[in-house]
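This report concerns only the one structure given below.
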Amino acid sequence: MELRITRLTTLWPSIHHFQVILLFYTSLLCLQPPTDCLRNLGNETDRLALLEFKSKIGNDPHDVFSSWNDSVNFCKWQGITCGRKHHRVTSLNLYGLSLSGTISPFIGNLTFLRFLNLRNNSFHGEIPQEVGRLSRLRHLNLTDNRLGGEIPLNITYCSELRILILARNRFVGKILDELGSLKKLVSLDLYGNNLTGEIPHSFGNLSSFKHLSVAVNNLAGNIPNKLGQLTGLTFFSVGVNNLIGTIPVALYNISSINVLSVPDNQLKGSLPANIGLTLRNLQDFYIGGNQFYGTIPSSFTNASLLEIFDISGNFFTGQVPKNFGDLRDLQQVNFEFNFLGSDTSKDLSFITSLSNCSNLEILSFAKNNFGGVLPAALANLSTKLSLLGAGGNRISGRLPSEVGNLVNLYALGLEENHFSGTIPISFGKLRKLQKLYLHTNLLSGQIPPSLGNLSQLYELHLGENKLQGNITSSIANCQNLQALDISNNFLIGFIPPEIIGLSSLSTILNLSHNTLTGPLPQEIHKLKNINALDVSQNKLYGEIPETIGDCLMLENLNMQGNFLQGSIPSTLASLRGLQHLDLSRNNLSGNIPKELQKLPFLIYVNLSFNNLE
């Protein structure tokens, strides 16, 4: 019911008192037909409720509420829609207007409201209990705000509610079991809050339910078996919680499901052998970061609409079905961090069939037991492929030069395998590449100058191989490079000034455990943003440049195991964030700078095996 007018006058600002009292007596003496008088009274209730809503807005950067004044009828105010018959407010839509403030309890007086959308603003406080008076409300969307507290029980009085979206807020407490009484509810989205407790069993009574998302909360317990009764369910997302147990068998039999997403819980069990036959409409399948085991059912190839397949971070064993590429709509495939494969030549045979997937963008089978060689069919993968991850396996043979044809790759991971031979020159054709991981293999030969063509590269890891020759200065053309690691190789010659002067380097420059000679280039002062610098275990000589004091972001400095001489620069005291300093096993002399004792974060210092006083 609406609040009585006489009671509202005690709450509203005095500027409205005369209007309200006048309206009250006018309605008593009205000479118009009674229905017209009631309509006018309802209209005034809506207008005053909207003004109360406006009064709780603290910030209106787009000047939305400038139109909310008596110069025009409230039905023409921005964000307002009224019904044709009664001219009452049926829709309040203020989506994405950067508003801040609280939601006024007087919103409960908009009793004809069917649609309420305050998404993507900065409302704070709690949802007012008065929302429960909105008996006609069908759609409520408060996503992407800063609302908190518990979800009010009164919201379950909105019996016409179809859509309830409260995602990405700060709600706490348990999910209301009473939400299961909203028989017309079609979609419930509580993603990204701080909700606790269990998923209510009562949700199994919602016969119209199609969309359920309670992911990214702190929910515990099992997935209720009663959810298997939701025969019209299309979207099921409960990931990133603390759920345990197994997925109810009945859920696997709901043929209407398009999205099944349960990642990052503690769920376990094996997948039904007929899963691809029962979930024929499946498009997105996310179960990564759990404790599932067993083999990948070959029946998945019957789910012909499948686009995203992610089983990473589980305990799956056996082989990937050879005909997995029959799923021609695949866009993302993630097998990483399992125990797939058996270190045999047949392990990677599934890659050949993936050449049928013309929309494939992501393929990762890293951190498994795959052996054999990369098949030549790798070159036939979709040119849309942006990520290829094969690291942490037992793959051998040469790096296929055909990889250079995958021109849309932004990340290529072939690290921690048994690859041998040289780095293909064709890798220089991957102009969009941002991350290249080739470390911990058996690669030999020189670093190809063509890598200098990778102008968008910001991570290059070539460490722990058998690379030889000089460091190519062309790497300096990678002007966005943030991390460079070419340690533990057989590189010789001087450190190119262009490399050590690459100002974009911010994470790490690791040239350690090679046979590099010569002095440290004076250009070292250009590494103003570097976090870690390691040139240890080489044959460097000369003095440590005084300009190293310009590397103000340096936290870890390793120069041990060289032939450096002269004194320790006092400018090291300028490195206020320095935590780890190792200059041991050199030919340094002179006094240890007293200024080093003033470094506030220094926790490790090793100056041993020098000629210091």
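The values are calculated or read from the model by the stated rules, or taken from the named source; none is laboratory data. This is a predicted model, so every value here is computed, not measured. Cβ placement follows ideal geometry from the backbone for every residue including glycine, while neighbour counts extend to all protein chains displayed. For accessibility, only protein heavy atoms count, side chains too; no ligands or nucleic acids. Shrake-Rupley method; radii C 1.70, N 1.55, O 1.52, S 1.80 Å.
Dipole of region 488-613 computed with +1 at Lys/Arg Cβ and -1 at Asp/Glu Cβ about the Cα centre; of Leu572, Phe494, Leu520, farthest Cα towards the positive end is Leu572.
Per residue, region 540-613 exposes an accessible area of 51 Å² to a 1.4 Å probe, with every protein chain left in place. Think of each Lys and Arg Cβ as +1 and each Asp and Glu Cβ as -1; about the Cα centre, that makes the dipole of region 332-456 roughly 280 debye. The H on the amide N of Gly269, modeled in the peptide plane, is under 5 Å from the matching H of Tyr293, each at least 5 residues off or on a different chain.
Taking the Cα centre of region 438-563 as reference, the dipole from Cβ charges on Lys and Arg (+1) and Asp and Glu (-1) amounts to some 260 debye.
Within the chain, the percentage of alpha carbon pairs spaced more than 46 angstrom apart rounds to 42%.
Please work out the average accessible area per residue across region 414-515, using the 1.4 Å probe convention, and give it in Å².
Numbers: 3790 Å² over 102 residues.
Per residue, region 414-515 has 37 Å² of solvent-accessible surface.
Put a dot 7 Å past the Cα of Asn611, heading toward its Cβ, do the same for Asn218, and the two dots end up 6.2 nm apart. Ligands, DNA and RNA are left out, and with a 1.4 angstrom probe the accessible area of region 161-219 is 37 Å² per residue. Taking the Cα centre of region 44-198 as origin and assigning +1 to Lys and Arg Cβ atoms and -1 to Asp and Glu Cβ atoms, the resulting dipole is close to 520 debye. Taking the 1.4 Å solvent-accessible surface of region 55-211 as the whole, the part contributed by carbon and sulfur is 46%.
Counting only protein heavy atoms, what percent of the accessible surface of region 344-406 is carbon or sulfur at a 1.4 Å probe?
Looking at region 344-406 in its full context, I get 47 percent from C and S.
The shape of region 378-501 comes out oblate: with a ≥ b ≥ c from the C-alpha gyration tensor, a/c is at least 1.5 while a/b does not beat b/c.
Using only the C-alpha atoms, the convex hull of region 462-558 corresponds to 77 Å³ per residue.
Spin-label model, Tyr95 to Asn587: label points 7 Å out along the Cα-to-beta-carbon direction sit 7.3 nm apart. Rounded, prolate or oblate, given the Cα gyration tensor of region 80-130, with a/c below 1.5 counting as rounded? Cα axes put region 80-130 in the oblate bin. The share of accessible area on region 466-613 that comes from carbon and sulfur is 50 percent, using a 1.4 angstrom probe. For the chain, the longest principal axis of the C-alpha atoms and the axis of helix 17-29 are separated by about 40°. The length gained by stretching the chain between Cys75 and Met553 to full extension, at 0.36 nm per residue less their Cα-Cα distance, is 166.3 nm. For region 544-613, the alpha carbon positions stretch 26, 20, 19 Å along the principal axes, listed from largest to smallest. For Ser401 and Asp329, the difference between the fully extended length at 0.36 nm per residue and the C-alpha to C-alpha distance is 23.2 nm. DSSP finds beta bridges in the chain, and of those with both partners inside it, around 5 percent are antiparallel.
Going down the table (Lys54/Lys76; Lys346/Lys367; Lys384/Lys432; Lys384/Lys429; Lys54/Lys174), which pairs top 20 Å between alpha carbons?
As for pairs spanning more than 20 Å Cα to Cα, those are Lys54/Lys174.
Helix 34-55 and the long axis of the chain differ in direction by around 30°, with both axes built from C-alpha atoms.
With a ≥ b ≥ c the root eigenvalues of the C-alpha gyration tensor of region 435-499, is it rounded (a/c under 1.5), prolate (a/b larger than b/c) or oblate? Cα axes put region 435-499 in the oblate bin.
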